[in-house]
Structures are given as C-alpha cells and as structure tokens.
Amino acid sequence: MALVGLVRVSTDKQNVDRQHDALDPICVKVFEEKVSGKLAVAERPGLTAALEYLRGGDMLCVQEVDRLGRDTLTGLMTLAELFQRDISVKVLEGVGAGEHTEMNLLLELALVLASERRRDIVKKTKNGLEAARARGRVGGRRPVMTEPLVVQAVALRTKGYSLKQIQPHLRITEGANKGKNPSVGAISQALRQHDEAAGVSA
C-alpha cells in the first residue's frame, strides 16, 4: 500500500508549507496544486495527477477534507471514485480525521461544512467590498488613478485633449507601476466615474 499526499491551496499567494510539513514525512509522493477547491476534478491538475497515480489498495492522504474540494458534490464524487477503486482516504485533522474505506456520515458532514465555510467567506468578502464602495473605496487593489491624477486628467480633457493625448502626461505615483503611464482604459474609467459622481451626463 502506498500513502500518497495531496496539497491544495486556492491561490499562488497562499503558503503550502504547513500541509507539506504534515504530508511529506509520511507519504511516498505528494501532489500539489494551487487552484480553487470548487473546480471540477478535470480542472484540478494536482488531484487529476494523484488519481492517475493511485492504484487499488493505496491511500490518499490530505491534511483536512476540504483539500479534496470545497464544493460538496465534487468532494462526494471524488470520494466515491476513490472508494470504488479500492483506494482509502486518510484525513489528518479536523472533522473527518481518520482513515476511511467507504463513504460515511462524518465525511459527508466535513464536506458540507467546508462548502458552507467557503460560502461564508465569499459572502463576507462581497459584503466588505460593498461596504467599502459605500464609503467611497473600491476595495481590493488600490486604484491606479489616484485623485490628483483624475484632477489632472479632467483638466487636460477640458483643454480638448483626447484620452491618448492625456496618457503621456500622467504618471503613476505609487505601487508596482510607479513611474509608468496609466492605461487608456484606466483613464477612461476614472473619468467616467468622475462624471457620474459629478452628475455629468454622457
């Protein structure tokens, strides 16, 4: 029997060290992916590779059940395929911790909780962005077109400058693109938002 690990995080920015620390010492091979757990199996390269590698009698090991998927149906289908192929599942932590050779209520509960947790995160993020917009902030990345740049763009437009003519006169003052010209699209969007706020009709 081979113990095979699966490490998953949703984005490139998330750290995988904790999962590797738990799986690397006990698994003969560990597959890793940085994709959303809500995706179908075919869209998850790490899980797909692990499923192809596993043979009957082997065991797939994950730190927590939600590494298999944060969509309840996808998680259930993955588990059903594993058990049908005589591949057991080992969960190290959280709800569902232990070794499983067949579907059971604990695994189903763990997947449902993972799905609900993801839905709660999405809802809180959406509410946070809406609250930020209500306070005049967009949320997420800091906008390229700061207030001074918008004022400058408006002044140039008033003089009859086109968007392409305005662009070379503007310089981003902060962030990764500091010193560069904002894109024509960013200028256009900023001017449109300015006009909407000022009640100017298109």
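The values are calculated or read from the model by the stated rules, or taken from the named source; none is laboratory data. Given the structure is predicted, the values throughout are model-derived calculations rather than measurements. Methodologically, a virtual Cβ is constructed for each residue, glycine included, from the backbone with ideal geometry; neighbour enumeration extends over all protein chains shown. For accessibility, only protein heavy atoms count, side chains too; no ligands or nucleic acids. Shrake-Rupley method; radii C 1.70, N 1.55, O 1.52, S 1.80 Å.
For segment 1-94, give the magnitude of the charge dipole about the Cα centre (Cβ charges: +1 Lys/Arg, -1 Asp/Glu; no others), in debye to the nearest 20.
On the way: 12 positive and 15 negative charges, 19 e Å.
It comes to approximately 100 debye.
As a test of reading the structure, rank Met1, Met145, Met77 by solvent-accessible area (1.4 Å probe, protein chains only), most first.
Final ranking, largest accessible area leading: Met1, Met77, Met145.
Do any of Lys34/Lys180; Lys13/Lys38; Lys38/Lys178 go past 25 Å between their Cα atoms, and which? Can you show the working numbers first?
Details: Lys34/Lys180 31 Å; Lys13/Lys38 18 Å; Lys38/Lys178 36 Å.
Long pairs (Cα-Cα over 25 Å): Lys34/Lys180; Lys38/Lys178.
Which value in nm describes the separation of the simple spin-label points at Met1 and Ser162, placed 7 Å from the Cα toward the beta carbon?
Spacing of the two 7 Å Cα→Cβ label points: 7.1 nm.
Evaluate the relative contact order of the chain (contact order divided by residue number), counting alpha-carbon pairs under 8 angstrom at least 6 apart; express in whole percent.
Working: 286 pairs, mean separation 27.5, N = 202.
RCO, the chain: 14 percent.
For the ranges 13-24, 80-91, what's the packing order if you count other beta-carbon atoms within 10 Å of each residue, average per peptide, and put the highest first?
On the way: 13-24: 13.8, 80-91: 16.8.
Ranked by mean Cβ neighbours within 10 Å, highest first: 80-91, 13-24.
Magnitude of the Cβ-charge dipole of segment 157-202, K/R +1 and D/E -1, about the Cα centre, nearest 20 debye?
Details: 7 positive and 3 negative charges, 50 e Å.
The dipole magnitude comes to about 240 debye.
Classify segment 1-54: rounded, prolate or oblate, from the alpha-carbon gyration tensor (a ≥ b ≥ c, eigenvalue square roots; a/c under 1.5 rounded; otherwise prolate if a/b is larger than b/c)? Mind dumping the intermediate values first?
Values: a/c = 3.09, a/b = 1.16, b/c = 2.67.
Here segment 1-54 falls in the oblate category.
Looking at the chain, send over the antiparallel percent of its DSSP beta bridges, to the nearest 5.
Values: 3 of 16 bridges.
Roughly 20 percent of the DSSP beta bridges within the chain come out antiparallel.
Only helices at least 27 Å long along their axis, Cα-based, and averaging -0.5 or more on Kyte-Doolittle count here, so list those DSSP H runs from the chain. Don't skip to the answer; put the middle values down first.
Details: long enough: 105-134 (43 Å, -0.02).
What comes out of the filter, once short or polar helices are dropped, is 105-134.
Quick check: residue separation of Asp195 and Thr101 times 0.36 nm, minus the Cα distance between them. What number comes out in nm?
On the way: separation 94, 0.36 × 94 = 33.84 nm, distance 6.23 nm.
Working it through step by step, the gained length comes to 27.6 nm.
Classify the chain: rounded, prolate or oblate, from the alpha-carbon gyration tensor (a ≥ b ≥ c, eigenvalue square roots; a/c under 1.5 rounded; otherwise prolate if a/b is larger than b/c)?
Numbers: a/c = 3.75, a/b = 2.76, b/c = 1.36.
Prolate.
Report, in debye and to the nearest 20, how large the dipole of the chain comes out about its Cα centre when Lys and Arg carry +1 and Asp and Glu carry -1 on their Cβ. Intermediate results must be reported in sequence, preceding the final value.
Numbers: 30 positive and 25 negative charges, 321 e Å.
Result for the chain is approximately 1540 debye, rounded to the nearest 20.
Ignoring ligands, DNA and RNA, what percent of the 1.4 Å accessible area of the chain is carbon and sulfur? Display every interim value, and only then the final one.
Values: 6370 of 12190 Å².
Carbon and sulfur together cover 52 percent of it.
Between Ser188 and Val154, what is 0.36 nm times their sequence separation minus the Cα-Cα distance? Round to one decimal in nm.
Working: separation 34, 0.36 × 34 = 12.24 nm, distance 1.05 nm.
Here the answer is 11.2 nm.
What is the sum of charges, Lys and Arg at +1 and Asp and Glu at -1, for the other residues whose Cβ falls under 15 Å from the Cβ of Gly56?
Numbers: positive: Arg55, Arg85; negative: Glu52, Asp58, Glu81, Asp86, Glu102.
For residues surrounding Gly56, the net value is -3.
Does segment 61-107 classify as rounded, prolate or oblate by the C-alpha gyration tensor (a ≥ b ≥ c root eigenvalues; a/c under 1.5 gives rounded; else a/b over b/c gives prolate, otherwise oblate)? Walk me through the numbers on the way to the answer.
On the way: a/c = 1.61, a/b = 1.13, b/c = 1.42.
In terms of gyration-tensor shape, oblate.
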